[in-house]
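Here the structure is laid out as structure tokens; the discussion comes afterwards.
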Amino acid sequence: MKLKFGVKEVVATGIGTALFIVLTNAQIPFGIIPNTALQSRVAVLTFFSAVFGPIVGGAIGLIGHALGDAIFYGSIWSWVFPDALFGILMGVFAAKFAIKDGGFDGKAIALFNVVQVIANALAWILLAPVLDILIYAEPAKKVFTQGILAFIGNIIVAAVLGTLLAFAYSKIGAKSSSLSKED
């Protein structure tokens, strides 16, 4: 895993963060437990993390979630950190997914989805509830239920929309990137 942060990564972070923020309210609430929903912004985070790596993924998760919450809800809550963790974990495997190389199929798709399930579990079943308990003294039963629902919603969105974005980019856009260094 190479950790680099050049012009492409800066641009990807900006675009990914902006999309993440814009999609903050594009969601379908579960209606069972408050503050849980299917969120399309998860696909953006999954895609950018898997293509551009852990620094971009972590930055989009942290900055995008913090600004989205601040703009739309007036506060920033502990769930910012699980999105950052998810972005970092997905990004660690970016080279293995071979999305930039046009090789995102078969085993790479399976690995992508195994990693996103594990990353979502660590972020939403473990980190989010623990932070809610530590920071806000929320009842454990409530926040672990929220975390499990967030986990389920995120794995569905990442598996469907995230995989489709990555597959399409791998087949169409990866080889024809318009970002290049000027002389």
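The values are calculated or read from the model by the stated rules, or taken from the named source; none is laboratory data. The structure presented is a predicted model; accordingly, all values stated were derived computationally and were not measured. Cβ atoms come from the backbone with ideal geometry, glycine included; neighbour counts cover every protein chain shown. The accessibility values were calculated without ligands, DNA or RNA, using every heavy atom of the protein model including side chains. Shrake-Rupley method; radii C 1.70, N 1.55, O 1.52, S 1.80 Å.
Total residues in the range 15-40 satisfying the condition of being over 16 Å from Ile88 (Cα atoms) and either at pLDDT below 95 or of a type outside the set (A, V, I, L, M, F, W, C) (or both): the figure is 17.
How about the range 2-34: which of its residues are more than 17 Å from the chain's Cα centre (by Cα) and part of a loop (DSSP other than H, G, I, E, B)? Listed by number, the residues that qualify are Lys2, Leu3, Lys4, Phe5, Gly6, Phe30, Gly31, Ile32, Ile33, Pro34. Looking across the range 7-32, the residues that are surrounded by fewer than 16 Cβ atoms within 10 Å (Cβ to Cβ) and touching a residue at least 60 places away in the same chain (Cβ under 8 Å) come down to Val7, Val11, Ile32. Do you know which residues across the range 85-99 are surrounded by fewer than 24 Cβ atoms within 10 Å (Cβ to Cβ) and among the hydrophobic types (A, V, I, L, M, F, W, C)? Residues satisfying the conditions are Leu85, Ile88, Leu89, Val92, Phe93, Ala94, Ala95, Phe97, Ala98.
The residue that is most open to solvent (accessible area, probe 1.4 Å), counting only those in the range 100-141 that are outside any helix (DSSP H, G or I), without any contact (Cβ under 8 Å) to a residue 12 or more places away in the chain and within 24 Å of Ala84 (Cβ to Cβ), is Ala137. Within this structure, Ser40 fails the test of being of a type outside the set (Val, Ile, Thr), under 17 Å from Thr24 (Cβ atoms) and open to solvent by 40 Å² or more (accessible area, probe 1.4 Å).
Would you check if Gly153 is among the small types (Gly, Ala, Ser), assigned to a helix (DSSP H, G or I) and touching a strand residue (DSSP E or B) at 6+ places or on another chain (Cβ under 8 Å)? If you could, list the steps in order and put the result at the bottom.
Values: among the small types (Gly, Ala, Ser): yes; assigned to a helix (DSSP H, G or I): yes; touching a strand residue (DSSP E or B) at 6+ places or on another chain (Cβ under 8 Å): yes.
Taking the combined requirement at face value, the residue satisfies it.
The residues in the range 142-171 that are exposed (fewer than 15 other Cβ atoms within 10 Å of the Cβ) and within 20 Å of Ser40 (Cβ to Cβ) can be counted, and the count is 4. Working only within the range 42-96, note down all residues that are closer than 22 Å to Ala121 by Cβ, polar (S, T, N, Q) and at pLDDT below 95. Scanning the range 42-96 gives a single hit, Ser78.
Considering every residue within the range 67-77, establish whether at least one is open to solvent by 20 Å² or more (accessible area, probe 1.4 Å), within 24 Å of Phe93 (Cβ to Cβ), assigned to a helix (DSSP H, G or I) and of a type in the set (A, V, I, L, M, F, W, C). Give the steps one after another, and end with the answer.
Restricting attention to the range 67-77, the residues satisfying the condition of being open to solvent by 20 Å² or more (accessible area, probe 1.4 Å) are 67, 70-77.
This time we only want the ones that are within 24 Å of Phe93 (Cβ to Cβ), so: none.
No, that holds for no residue.
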